[in-house]
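Working notes for the structure below.
Any read-out appearing in this document is the output of simple, stated calculations on the displayed coordinates, not a laboratory observation. None of these values were measured; they are calculated from a predicted model. With ideal geometry, Cβ positions are generated from the backbone for all residues, glycine too; neighbour counts draw on all protein chains shown.
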Amino acid sequence: MVLNKEETHIANTFFMSEKNALEYLDSKGIDMAASTWYLKKKQLKEKAREFLFEKAKTFDAHHMEQIKLLEYVQEEMYDNYQMAKETKPELAHRILKDLAEIQYIISDYNEATQFLMQNEKKAGSLQKSNKLSE
């Protein structure tokens, strides 16, 4: 989501009082009535929601791609370690350290996947129970 200059300044005012927001916008060369500020603020928040909704549609696929990529990198690193361990012990040591670090990243992705799946199950159960109660 790309914001124009005015939208960026309005976004900067989200947590300001009306008075402070209008003063800030005026200092940036944007003359705006309070009613316009409220309207544009609301429109910008809706634009952000739409952006997040679109991102969420592809989140699962992107998440799985990242896991597959990390697993591929891990395999390549292990192969490089096998080649380096006899002839280049310093490089082999560094690869082992990197392999250990990538394990933490893969573990985090796996935990996030479990969390997402559990929440999807809960959301699905709630939707089913809501449909039954209608």
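Placing +1 on each Lys and Arg Cβ and -1 on each Asp and Glu Cβ, with no other charges, gives the chain a dipole about its Cα centre of roughly 600 debye. Using only the alpha-carbon atoms, how far is helix 18-27 inclined from the longest principal axis of the chain? Give it as 0 to 90 degrees, nearest 10. Value to nearest ten degrees: 80. Measuring nothing but how far apart in sequence close Cα pairs (under 8 Å, 6+ apart) lie, relative to its length, the stretch 5-57 scores a relative contact order of 33 percent. Pairs from the list LYS40/LYS122; LYS55/LYS122; LYS19/LYS47; LYS47/LYS122; LYS5/LYS55; LYS45/LYS68 with a Cα-Cα gap above 29 Å: LYS40/LYS122; LYS45/LYS68. The stretch 59-133 gives an Rg/Rh value of 1.30, both radii derived from C-alpha positions and Rh following Kirkwood.
For LYS88, a cut-off of 17 angstrom between C-alpha atoms picks up these lysines, skipping any fewer than 8 places away in its own chain: LYS97.
What angle, in degrees between 0 and 90 and rounded to the nearest 10, separates the Cα long axis of helix 59-87 from the longest principal axis of the Cα atoms of the chain? The answer is roughly 30 degrees.
In terms of its Cα atoms, the chain spans 72, 52, 20 Å along the principal axes, sorted from long to short. Per residue, the convex hull spanned by the alpha carbons of the stretch 5-57 comes to 65 Å³.
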